[in-house]
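Trainee: Structure below; questions to follow.
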Amino acid sequence: MKKNTIIILILVVNATFADNYSMNTSSIVNEQKSKITSKNLQGGVVTVGDQSDCDFQLGDSRIQSAINSGAVIIRLADSIYNENLVINNRSVIITGGFATCSDAASNHSNGLRQVIDGTLFAPVFTITSHQQRQEVTLENLHLKQGLAGQSIPGGGVNTIEANLTLNLNNVWITDSIGLSGGGLNVMFGDTDVTITDSVISHNTADNGGGIRCVGPQASVFINENNMNQSSGIFFNEAINGDGGGVHLSGGCIFTSYSGSKNYTTGMHQGIHNNRATGNGGGIAIIDSGWVF
């Protein structure tokens, strides 16, 4: 009898502990949701990372959860992020370069690029905007190992028939695989992409190993503000077609102010060392397009 009594007591204690743990966890989740809702109403800055003070610290899709929350500014603390992200009809700023969420909350940036790895599962970013014009800024990020899908031909960053302004600031897009546009795919829409102090390299696709842009209202503008970083499109490959570095068609406008005759080894300037099995190792214009 004593033995049975002891067993019953232990079961009761364990059940009580489980109930308390569940209640505490639920309370923490609800408190976090309330805090995030309050932040969004006050201006929309949220943090993502591993520390206890991060707004989004749980799960394998922390950045996507931050996007879905309606946050206007998403700051990423140093962590491992393996995600395939979708931004739909939203204006948002996603920026890395923070050691901790405390630094992110105070906007104390170290300027380093935060890695987001697509793990060769799907594109790293897919951006759509079919309603009013949106603006998306990606900053201080290294996007790698994106993979095209059946209806999404680009590997790294895709804009699909979007009414969009897209800014890439200090962003590297590397090691991604597409059907068209291994690194960046701009697919129709009234889309204007500005690339500043950024690198698109070591990507592959059938056409447009680095960048593919198609559409009469689409444009890609490359600029550089920091000569120590500069912008470059290099070591990309069109493995079954045209445009190793850049593939333009349908009237897309491409402008680059990166690169010079004083190119220095080690600098990421201009368009160089790209390959294509067809036409245009550097740039190919198919049907129609403009280069400035």
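Computed from the coordinates by the stated procedures, all read-outs in this text should not be read as laboratory data. Note that the coordinates shown come from a computational prediction; the quantities given were computed from them, not determined experimentally. No Cβ is skipped: glycine too gets one built from the backbone with ideal geometry, and neighbour counts run over all protein chains shown.
Trainee: May I ask you to list the trypsin sites (Lys or Arg not before Pro) in the range 85-135 that are in a DSSP loop and have at most 15 other Cβ atoms within 10 Å of their Cβ?
Mentor: Filter output for the range 85-135: R133.
Trainee: Further, regarding this structure: How much FRET efficiency would the formula 1/(1 + (r/R0)^6) give for S52 and Q217, where r is the Cβ-Cβ distance and R0 is 35 Å, rounded to 0.05?
Mentor: That pair, S52 with Q217, gives E of 0.15.
Trainee: Gain in length, R133 to S91, computed as 0.36 nm per residue apart minus the alpha-carbon separation, to one decimal in nm?
Mentor: Details: separation 42, 0.36 × 42 = 15.12 nm, distance 0.86 nm.
Additional length available on full extension: 14.3 nm.
Trainee: Then there is this: Between N273 and S151, take the C-beta separation as r, use R0 = 30 Å, and let me know the FRET efficiency to the nearest 0.05.
Mentor: 0.45
Trainee: So for the pair V291, H108, with labels modelled 7 Å out along Cα→Cβ, what separation do we get in nm?
Mentor: Between V291 and H108, the label points sit 4.7 nm apart.
Trainee: Quick one: if the Förster radius is 25 Å, what FRET efficiency do N240 and L120 give, using the C-beta to C-beta distance and rounding to 0.05?
Mentor: 0.85
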